[in-house]
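Notes for the one structure printed next.
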């Protein structure tokens with residue numbers, strides 16, 4: 001699913017029921033997806049190994065994904081960035097208060 005919705009300025013479909021349980025990479029998945037703001041809190045992301053840049057420049061996304069169970073070896077550099085509206089307390093617990101690199 002790497003870069004699947006990258007730079008899609010108008011995409012905002014309800015994909016919350018997708019089965020992503022076998023996905024291993026969400027690299028830049030919603031990077032620059034300016035309009036996306038759907039509930040994906042029920043996604044099973046336990047197999048994902050990289051979430052690098054997943055919500056970088058995703059200016060609208062602010063859903064609560066704190067319930068995501070993220071593996072300890074998951075890469076997550078620049079999961080969000082300074083343009084993100086995603087608040088600390090709604091990020092996956094493991095990513096809260098991470099410094100943006």
Of the conditions (1) surrounded by 14 or more Cβ atoms within 10 Å (Cβ to Cβ); (2) at pLDDT 95 or above, residue 78 clears all except one; give me its number.
-> (2)
Within the set of pairs 6+ apart or on separate chains, which have a first residue in region 24-46 that is more than 13 Å from residue 63 (Cβ to Cβ), a second that is at pLDDT 95 or above and outside any loop (DSSP other than H, G, I, E, B), and C-beta atoms under 9 Å apart?
-> 24/50; 25/50; 26/50; 27/50
Return yes or no: is residue 63 at pLDDT below 95, surrounded by fewer than 19 Cβ atoms within 10 Å (Cβ to Cβ) and closer than 16 Å to residue 95 by Cα?
-> yes
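Looking at region 8-34, which of its residues are surrounded by fewer than 15 Cβ atoms within 10 Å (Cβ to Cβ) and modelled with pLDDT of 95 or more?
First, the residues of region 8-34 that are surrounded by fewer than 15 Cβ atoms within 10 Å (Cβ to Cβ): 9-10, 13-14, 16-19, 21-22, 24.
If the condition is that a residue be surrounded by fewer than 15 Cβ atoms within 10 Å (Cβ to Cβ) and modelled with pLDDT of 95 or more, then 10, 13, 14, 16, 17, 18, 19, 21, 22, 24 are the ones that fit.
The values are calculated or read from the model by the stated rules, or taken from the named source; none is laboratory data. From a predicted model like this one, the values you see are computed outputs, not experimental measurements. Because the Cβ atoms are built from the backbone with ideal geometry, glycine has one as well, and the counts that use them run over all protein chains shown.
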